[in-house]
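Below is one structure, written out as structure tokens; the observations come after it.
The values are calculated or read from the model by the stated rules, or taken from the named source; none is laboratory data. Keep in mind that what you see is a predicted model, and the values were worked out from it rather than measured. All Cβ positions, glycine included, derive from the backbone under ideal geometry; neighbour counts span all protein chains shown.
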Amino acid sequence: MILFRRLVFPLCLLAGALLTAVAGVLHPDLPLDGAAQLAEIARRETWRTVHWTFLFAFPLVLTGFVGVVGWHVGTAGERAARAGLILATFAYGLWVIIVAFMGGAGWSLAQSFAVSNAGMTATRAVFVFDMVRPFALVAQREAAFALGIATVLFGWGVLEGRVLPRWLGGAGVVSGALGIALALLFREDTKADQAAFVLPVLWQLATGVVLLRLSAAND
């Protein structure tokens with residue numbers, strides 16, 4: 001039980017953030033046109049693998065965040081850390097929408113498009129994709145905004161709790177604030193908006209490493 005409390009949560013956070021980062025690096029850039037996107041998706045044999053990597057990573061990150069909250073129970077940072085967990089759960093729930101759509105429906109529509117030889121089936125596939133994808137992108141932008149707030153709250157909790165390095169708290173506040181700014185300022189179909197996830201995920205990686213080292217040192 002002691003080993004579980006000390007190591008499993010940090011390992012989950014580190015593994016989840018690492019899988020998210022790897023999936024993000026492996027995810028191909030897509031053209032803007034819907035038909036071109038479906039054609040590109042159909043050519044990518046690893047498309048579903050990349051998206052399943054995202055989907056398996058998200059619960060691990062949230063599990064790891066429970067450990068972050070655990071470090072702050074009974075400290076001045078507990079309330080901010082708990083609020084961060086709530087916002088992070090909301091953010092990842094929204095992020096699942098775009099990932100599940102692109103990995104499931106997007107892949108299925110791409111296969112229909114690829115084998116239809118530009119006939120009526122291809123036209124319908126592009127139509128459905130173009131109609132539904134904007135909804136998923138809106139969810140993605142809101143997820144980036146919520147994850148930015150969650151990261152700020154976690155950083156605030158670290159600064160107030162004074163049980164983890166203060167640089168980690170400051171990095172959380174800055175990373176989250178930049179993520180919020182990118183989500184607010186850029187459209188959901190831009191690379192800049194997608195970049196809103198980058199710094200919060202990097203902060204998760206750093207936090208996982210710090211918690212793992214502290215947990216090992218206290219064993």
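So Leu87 ticks every box in (1) free of Cβ contacts under 8 Å to residues at least 12 places away in the same chain; (2) surrounded by 16 or more Cβ atoms within 10 Å (Cβ to Cβ); (3) of a type in the set (A, V, I, L, M, F, W, C) but one. Which box is left unticked?
(1)
So, of the residues in the range 117-131 that are under 18 Å from Pro31 (Cα atoms) and either surrounded by 14 or more Cβ atoms within 10 Å (Cβ to Cβ) or of a type in the set (Lys, Arg) (or both), which turns out to be modelled with the lowest pLDDT?
For the range 117-131, the residue satisfying everything is Ala122.
Would you mind telling me which numbered condition in (1) out of contact with any Phe, Trp or Tyr (no Cβ under 7 Å at 6 or more places or on another chain); (2) closer than 30 Å to Met131 by Cβ; (3) at pLDDT below 90 Thr53 fails?
Unmet for Thr53, out of (1) out of contact with any Phe, Trp or Tyr (no Cβ under 7 Å at 6 or more places or on another chain); (2) closer than 30 Å to Met131 by Cβ; (3) at pLDDT below 90: (3).
Taking only the range 69-81 into account, find how many residues are assigned to a helix (DSSP H, G or I) and touching a helix residue (DSSP H, G or I) at 6+ places or on another chain (Cβ under 6 Å).
3
If you go through the range 149-163 one residue at a time, do you hit one that is modelled with pLDDT under 95 and under 16 Å from Phe65 (Cβ atoms)? Don't jump to the end; show me each part of the working.
First, pick out the residues of the range 149-163 that are modelled with pLDDT under 95: 161-163.
Applying the additional criterion that residues be under 16 Å from Phe65 (Cβ atoms) yields 161, 163.
Yes, the conditions are met somewhere in the range 149-163.
Give the residues of the range 1-36 that are in a helix (DSSP H, G or I) and under 30 Å from Ser112 (Cβ atoms), sorted by residue number. Reasoning before the result, please.
Within the range 1-36, the subset in a helix (DSSP H, G or I) is 2-26, 34-36.
Within the range 1-36, Leu19, Thr20, Val22, Ala23, Gly24, Val25, Leu26, Gly34, Ala35, Ala36 meet the criteria.
Identify the single condition in (1) closer than 28 Å to Thr151 by Cβ; (2) out of contact with any Leu (no Cβ under 8 Å at 6 or more places or on another chain); (3) assigned to a helix (DSSP H, G or I); (4) touching a residue at least 60 places away in the same chain (Cβ under 8 Å) that Ala39 does not satisfy, given that it satisfies every other one.
Checking Ala39 against (1) closer than 28 Å to Thr151 by Cβ; (2) out of contact with any Leu (no Cβ under 8 Å at 6 or more places or on another chain); (3) assigned to a helix (DSSP H, G or I); (4) touching a residue at least 60 places away in the same chain (Cβ under 8 Å), the one that fails is (1).
All but one of (1) surrounded by fewer than 24 Cβ atoms within 10 Å (Cβ to Cβ); (2) among the aliphatic types (A, V, I, L, M); (3) within 15 Å of the chain's Cα centre (by Cα) hold for Ala76; state the number of the condition that does not hold.
The number of the failed condition is (3).
Looking at the range 192-219 only, could you name the residues that are within 23 Å of Gln140 (Cα to Cα) and touching a residue at least 60 places away in the same chain (Cβ under 8 Å)? First the steps, then the outcome.
Residues of the range 192-219 within 23 Å of Gln140 (Cα to Cα): 192-205.
Hits for the range 192-219 are Phe197, Val198, Val201, Leu202, Gln204, Leu205.
Being surrounded by fewer than 17 Cβ atoms within 10 Å (Cβ to Cβ), of a type in the set (S, T, N, Q) and part of a helix (DSSP H, G or I) narrows it down to one residue among Ser108, Ser175, Ser112; which is it?
On the way: Ser175 fails: surrounded by fewer than 17 Cβ atoms within 10 Å (Cβ to Cβ); Ser112 fails: surrounded by fewer than 17 Cβ atoms within 10 Å (Cβ to Cβ).
Going through Ser108, Ser175, Ser112 in turn, just one is surrounded by fewer than 17 Cβ atoms within 10 Å (Cβ to Cβ), of a type in the set (S, T, N, Q) and part of a helix (DSSP H, G or I): Ser108.
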